[in-house]
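Novice: My questions will all concern the structure given below.
The values are calculated or read from the model by the stated rules, or taken from the named source; none is laboratory data. These figures come from a predicted structure and were not determined experimentally. Note: ideal-geometry Cβ built from the backbone for every residue, glycine included; neighbour counts use all protein chains shown. Ligands, DNA and RNA are excluded from the accessible area calculation, which covers all protein heavy atoms including side chains. Shrake-Rupley method; radii C 1.70, N 1.55, O 1.52, S 1.80 Å.
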Amino acid sequence: RVVVLFQPHRYSRTRLLHHSFGSAFREADVVIVTRIYTGPGEREDSDVDSDSIKRAIQDAGHQCVYKVDGMKEASLMAANLCRKGDTVVTMGAGDIWKTHHILSGLLGRLE
């Protein structure tokens with residue numbers, strides 16, 4: 001199985017492209033969407049959030065989609081959902097890299 005941790009990049013990009021994410025994750029078995037990374041020069045947009053991406057993925061027929069805020073929470077969820085032999089893919093911008101260290105420790109217990 002493939003477990004994906006995805007951090008969307010920028011509110012403006014999410015506003016324009018959230019519908020496109022529905023089919024983008026069709027090969028994943030589990031998708032965990034984190035909060036949107038706000039890049040330099042961009043302010044939060046209260047009309048846009050990660051839930052729009054989650055809904056688009058679910059509307060495309062995907063059943064195992066979760067939305068979390070922080071990287072630690074994303075790591076814990078991924079570790080709890082993983083089974084031996086799964087592949088974990090992290091993608092996105094911002095601080096998604098913080099999940100790597102947390103996940104390596106948590107997933108080591110599956111061996």
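Novice: Which of Val31, Val89, Val65 ends up with the largest GNM mean-square fluctuation for the chain, with Cα atoms connected below 10 Å?
Specialist: It is Val89.
Novice: In whole Hz and in residue order, list the ³J(HN,Hα) couplings for the stretch 18-32 that follow from phi through the Karplus curve 6.51 cos²θ - 1.76 cosθ + 1.60, θ = phi - 60°; x for Gly and Pro.
Specialist: Coupling constants for the stretch 18-32: 4, 5, 5, 6, x, 8, 5, 10, 5, 8, 7, 8, 9, 10, 10 Hz.
Novice: Taking the Cα atoms of the stretch 20-111, report the difference between the largest and smallest coordinate on each principal axis, in whole Å and largest first.
Specialist: If we take the Cα atoms of the stretch 20-111, the spans are 42, 31, 15 Å.
Novice: To the nearest 10 degrees, how steeply does helix 50-59 sit against the main Cα axis of the chain, on a 0 to 90 scale?
Specialist: 70
Novice: In the chain, once you exclude exposed trypsin sites (Lys or Arg not before Pro) (DSSP loop, at most 12 other Cβ within 10 angstrom), what's the longest stretch remaining?
Specialist: 44-82
Novice: Measure nothing fancy, just the Cα-based angle from helix 98-107's long axis to the longest principal axis of the chain, in degrees from 0 to 90, nearest 10.
Specialist: 30
Novice: On a 0 to 90 degree scale, rounded to 10, what angle separates helix 71-81 from the longest Cα axis of the chain?
Specialist: 50
Novice: His101 accessible area, nearest 10 Å², 1.4 Å probe?
Specialist: Roll a 1.4 Å probe over it and His101 shows about 150 Å².
Novice: Moving on. Evaluate the distance, in nm, between pseudo-label points positioned 7 Å from the Cα of Ala60 and of Glu44 along their respective Cα→Cβ axes.
Specialist: Label at Ala60, label at Glu44, 2.7 nm between them.
Novice: Tell me which residues come under 5 Å, amide H to amide H, from Gly39 once H is placed; ignore anything under 5 positions away on its chain.
Specialist: The list, which skips near neighbours in sequence, is Arg10, Tyr11.
Novice: Just by accessible area at a 1.4 angstrom probe, what is the order of Met77, Met71, Met91 from largest to smallest?
Specialist: Highest to lowest solvent-accessible surface, that is Met91, Met77, Met71.
Novice: Would you mind working out the accessible area per residue for the chain, using a 1.4 Å probe, and quoting it in Å²? Numbers along the way, then the final one.
Specialist: Numbers: 6440 Å² over 111 residues.
I get 58 Å² per residue for this part.
Novice: Here's another thing I want to ask about it. Just need the relative contact order of the chain here, percent rounded to a whole number, with Cα pairs under 8 Å and 6+ apart.
Specialist: 36
Novice: While we're looking at this one, here's another question. What does the accessible area of Cys64 come to, in Å² to the nearest 10, when a probe of 1.4 Å is used?
Specialist: Approximately 50 Å² of Cys64 is accessible to the 1.4 Å probe.
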